[in-house]
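Down below is the structure, laid out as structure tokens.
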Amino acid sequence: MYFEAIDATNQPSQFPLNVNYLDQNQPVVVLCEGLLTYLTLAEKQKVFANVREILRVYGGAWITPDLTTFDGLNQLRQISPGLQRLNQTASNVSGRAINNYHFENIDHVKQFAYEQGFDIKEYSMLEMMNQITCLKPLGIEPEVVKSMLAIGSTFVLTII
């Protein structure tokens with residue numbers, strides 16, 4: 001496993017292409033968690049282009065839960081009203097209006113991914129519920145977490 005700090009929106013791409021620590025005969029996995037929600041649609045397009053470029057060279061997949069939608073966010077806010085405060089704090093700290101940067105709905109996510117040259121598969125976060133071991137020690141009700149995870153998804157993108 002190798003980590004490389006880059007600006008994922010930079011054009012030309014700062015993704016590591018033709019470097020000695022990656023083997024062109026071995027696929028790569030690009031993991032992205034907590035980045036895309038802070039980016040505008042134009043910035044997301046740049047990231048998609050850069051990830052597409054590295055996947056064309058090495059093959060592999062891009063895994064991210066960051067393709068958030070207004071529909072999903074509104075459902076989460078109904079379950080956890082404090083989420084609005086959390087989003088506002090994140091916006092204040094980052095200087096980014098993250099409440100404006102979501103996709104409309106899952107169809108918009110899939111259309112955007114396709115237009116950027118990706119096949120996309122969606123996996124429910126609820127599938128991981130039985131692997132969460134911290135609920136009891138933290139005094140968190142499993143039903144609350146279950147309702148939140150039921151709305152969340154992780155996406156696996158591969159180039160078309």
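The values are calculated or read from the model by the stated rules, or taken from the named source; none is laboratory data. What you are looking at is a predicted structure, and each value in this text was computed from that prediction instead of being measured. Note that we place each Cβ from the backbone using ideal geometry, even for glycine, and neighbour counts take in every protein chain shown. Note: areas computed on protein heavy atoms with side chains; ligands, DNA, RNA excluded. Shrake-Rupley method; radii C 1.70, N 1.55, O 1.52, S 1.80 Å.
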| query | How big is the antiparallel share of DSSP beta bridges in region 3-160, given as a percent to the nearest 5? | reply | 65
| task | Send over a whole-number figure in Å² for the accessible area per residue of the chain, probe 1.4 Å. | result | 61
| Based on the Cβ-Cβ distance of residue 105 and residue 49, what FRET efficiency does E = 1/(1 + (r/R0)^6) give at R0 = 22 Å, to the nearest 0.05? | 0.45
| Net charge, residue 22 excluded, C-beta distance under 15 Å - Lys, Arg +1, Asp, Glu -1 | -2
| task | Please list 89-99, 127-137, 149-159 highest first by mean number of surrounding beta-carbon atoms within 10 Å per residue. | result | 149-159, 89-99, 127-137
| note | Among chymotrypsin sites (Phe, Trp or Tyr not before Pro) in region 1-62, those in a DSSP loop whose Cβ has at most 15 other Cβ atoms within 10 Å are 2, 3, 21
| Over region 118-160, what percent of the accessible surface lies on carbon and sulfur atoms, probe 1.4 Å? | 61
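Please identify the GluC sites (Glu not before Pro) of region 2-76 that satisfy two criteria: DSSP loop assignment and at most 10 other Cβ atoms within 10 Å. Which are they?
4
Any idea what the dipole of region 15-160 comes to, in debye rounded to 20, about its Cα centre with Lys/Arg Cβ at +1 and Asp/Glu Cβ at -1?
260
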| note | Spelling it out for residue 60: with amide H atoms placed in the peptide plane at 1.01 Å from N, the residues 5 or more places away or on another chain with amide H under 5 Å from its amide H are 28
| request: Would you compute, from DSSP H runs of 4+ residues alone, the mean residue ellipticity of the chain at 222 nm, taking -39500 (n - 2.57) per run and dividing by the full residue count, rounded to the nearest 500? | output: -11500 deg cm²/dmol
| message | Would you work out the Kirkwood radius for the chain? I mean one over the mean of 1/r across all pairs of different Cα atoms, in Å. | response | 17.2
